[in-house]
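Here's the structure we're looking at; comments come further down.
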Amino acid sequence: MPNPLPTRRHVLAGLSAAALPAIVSPTAFAATGPSLRALAAEKGILFGSALSARISEAPYLDILKAECGLIVPENELKVYVISSQPDRFNFAPGDAIASFARDNGMKMRGHTLLWNKVEFMPKWLLDIDFGSNPAREAERYLRDYIKRVCTHYGDQIISWDVVNETIDPKTGEIRDTPFTKALGFDCIRIAFEAAREYAPKAQLVYNDYMSWERGNETHRKGVLKLLETLRAKNVPVDGFGIQSHIGNDGHIKEAQHEQWRAFIDGAVGMNYKLLITEFDVNDKDLPTDTAARDAGVAAAAKDYLDLMFSYKQLDQFLCWGMSDNHSWLQGWTPRTDKTPQRPTPYDAQYRPKPLRDAIAAALKAAPKR
Ligand code: 9MR
C-alpha cells in the first residue's frame, strides 16, 4: 500500500535549502576516491538516486550531494500523492524535491505519469465513471492530468517514466485498469503523446521490473511485445527503464545471462535507449553474517552491472535509495532472521559498504559511451 503522505512540515524541514545548515559538513563516513557521479560521468553515464520527501537527515542528504547528479522523487510524483482527491493537485512534496535538486545542481527524472496498476491509483480514480462516452472522457482526463504535471515541472525534468509497470507478469498482457477498460492499448499511446506534447524536451521512458531471474519469462515476453507495438504504432517512446530490483524474486544466484542479453538485445534492436531506474539488491536469501551478506550483495551487483554497462545505449543509472535504513525493501520483504536488509550502497549509519565499491568498480570497468 502507498505510504502515508509526507506532511508539509516534513517536506520543508527535510528538503528546503533554507532549512539546511548554511555550511553543510561532509558526511561523517564519506567514501574515499571519486564520487559515483564522477566515475559515471567519465563513462558518459548520469548517476543518481531516488529521494523521498519524508527524509530529513542531513547525512543522508549529504550522501546524495556527494554522489548523485540525478534525483528522482520516490513517491511524490505519483497520482496518489499529486491527486489524492478529484480535481485536487498537490505539488508541494514534489516541489520540495525539485528545489533540492535545483539547489544542488542535480538533474531530475519524473516517476511516473501513468502507473497503470490499480493498487497504486487513488480510490476515487478506481471508482471513476467516465460517463456515456468513456473513451473520450478517459482520454480527456488523462491528457489533462499529464498536461498539469508536465507543465508544472517544465524542462527541469529531463526524463519521464511516462508509463510504469503496465504489463501483468503472469499473463504478459496489459493490466486491467479504469484506463484500459475505457481505452484499451490507446491509454498507453495517449499517455506518451500527451507527455511529448507537454514535456517536449524530456526523454520519454517505459519503465518495468521484469528481471533476468527464472519465472520472469512471461513478463519479459510481454514487455518486448509492448515495446514492439509502441514502435509499430509510432508512439513517441525514447527509452526503456529497467528497474533492476535484483534478487527481489529470491533468486539472487540464479542469473541467466543468455536469456537476459537476448531480452535487452531485443529492446536495443528497436532503438530504445536503456536506463537502470531503481537499482537495489534484495538480500533475503543471503546469510545473517554481515560481511558474508555484503559480499554476496556486492558480487551480485558487479555481475549484473558489468552486463548492463556493456550496453552503450545505457546512460542513466539510479539507485532506489542510497542507505539501507531508507530502503522500501525493509517493509516489503523483511528477512526471516529479522535483521534489516542491506540492499543499498550505504549502511544505516551512512557508512559506504562493499556494494558501493562494487558499483564504483563496475563504473570503472564500463566502456565509454
Ligand atoms: O519505494 C516506493 C515505496 O516507498 C512506495 O510505498 C511504493 C508504492 O508507491 O512504491 C515504491 O517504489 C516502487 C516504484 O514506484 C515502482 N517500482 C517498484 C518500486 C518498489 O516497490
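Evaluated against (1) buried (at least 23 other Cβ atoms within 10 Å of the Cβ); (2) assigned to a helix (DSSP H, G or I), Lys147 falls short on exactly one condition, (1). Any idea which residue in the range 121-142 is nearest to the ligand (Cβ to nearest atom), counting only those that are surrounded by fewer than 17 Cβ atoms within 10 Å (Cβ to Cβ) and either assigned to a loop (DSSP other than H, G, I, E, B) or within 23 Å of the chain's Cα centre (by Cα) (or both)? That would be Asp127. Filtering the range 97-117 to residues that are assigned to a loop (DSSP other than H, G, I, E, B), within 15 Å of the ligand (Cβ to nearest atom) and crowded, with 19+ Cβ neighbours inside 10 Å leaves only Asn116.
Take the residues in the range 32-70 that are within 16 Å of the ligand (Cβ to nearest atom) and in contact with a Ser or Thr (Cβ under 7 Å, 6 or more places away or on another chain); name whichever of them is nearest to Arg109 (Cα to Cα). This residue is Leu64.
Right, Asp176: at pLDDT 95 or above and either surrounded by fewer than 20 Cβ atoms within 10 Å (Cβ to Cβ) or of a type in the set (A, V, I, L, M) (or both) or not? Yes. For the residues Tyr80, Tyr153, the requirement of being assigned to a helix (DSSP H, G or I), crowded, with 18+ Cβ neighbours inside 10 Å and within 14 Å of the ligand (Cβ to nearest atom) singles out Tyr80. Return yes when Gly94 is of a type outside the set (Ser, Thr, Tyr), within 16 Å of the ligand (Cβ to nearest atom), crowded, with 18+ Cβ neighbours inside 10 Å and farther than 20 Å from Tyr272 by Cα and no when it is not. It is true that Gly94 is of a type outside the set (Ser, Thr, Tyr), within 16 Å of the ligand (Cβ to nearest atom), crowded, with 18+ Cβ neighbours inside 10 Å and farther than 20 Å from Tyr272 by Cα. In the range 151-171, the residues that are within 13 Å of Thr277 (Cβ to Cβ) form Cβ pairs under 6 Å with partners that are of a type in the set (Ser, Thr, Tyr), at six or more places apart or across chains, as follows: Asp161/Thr112; Val163/Tyr206; Asn164/Thr112.
All of Arg214, Arg231, Arg261 fail the test of being more than 16 Å from the ligand (Cβ to nearest atom), in contact with a His (Cβ under 7 Å, 6 or more places away or on another chain) and open to solvent by 60 Å² or more (accessible area, probe 1.4 Å), apart from Arg214. A search for C-beta distances below 6 Å between a residue of the range 92-120 that is under 22 Å from Tyr198 (Cα atoms) and basic (Lys, Arg) and any residue that is open to solvent by 10 Å² or more (accessible area, probe 1.4 Å) and part of a strand (DSSP E or B), counting only pairs 6+ apart in sequence or on different chains, returns Lys107/Ile158.
Counting only residues that are more than 15 Å from Val162 (Cα to Cα) and either touching a residue at least 40 places away in the same chain (Cβ under 8 Å) or in a helix (DSSP H, G or I) (or both), the range 65-77 holds 5 of them. Suppose we filter Ala199, Ala182, Ala195 for residues that are farther than 18 Å from Trp320 by Cα, within 18 Å of the chain's Cα centre (by Cα) and open to solvent by less than 60 Å² (accessible area, probe 1.4 Å); which single one remains? Of Ala199, Ala182, Ala195, the one residue that is farther than 18 Å from Trp320 by Cα, within 18 Å of the chain's Cα centre (by Cα) and open to solvent by less than 60 Å² (accessible area, probe 1.4 Å) is Ala195. Quick check, is Thr290 open to solvent by 60 Å² or more (accessible area, probe 1.4 Å) and of a type outside the set (A, V, I, L, M, F, W, C)? Yes: the conditions hold for Thr290. Anything in the range 311-367 that is surrounded by fewer than 19 Cβ atoms within 10 Å (Cβ to Cβ), hydrophobic (A, V, I, L, M, F, W, C) and either at positive phi or not in a loop (DSSP other than H, G, I, E, B) (or both)? List them, or say none. Within the range 311-367, Trp332, Ala361, Ala365 qualify.
The values are calculated or read from the model by the stated rules, or taken from the named source; none is laboratory data. Given the structure is predicted, the values throughout are model-derived calculations rather than measurements. Glycine also receives a Cβ, built like all others from the backbone with ideal geometry; neighbour counts cover every protein chain displayed. Ligands, DNA and RNA are excluded from the accessible area calculation, which covers all protein heavy atoms including side chains. Shrake-Rupley method; radii C 1.70, N 1.55, O 1.52, S 1.80 Å.
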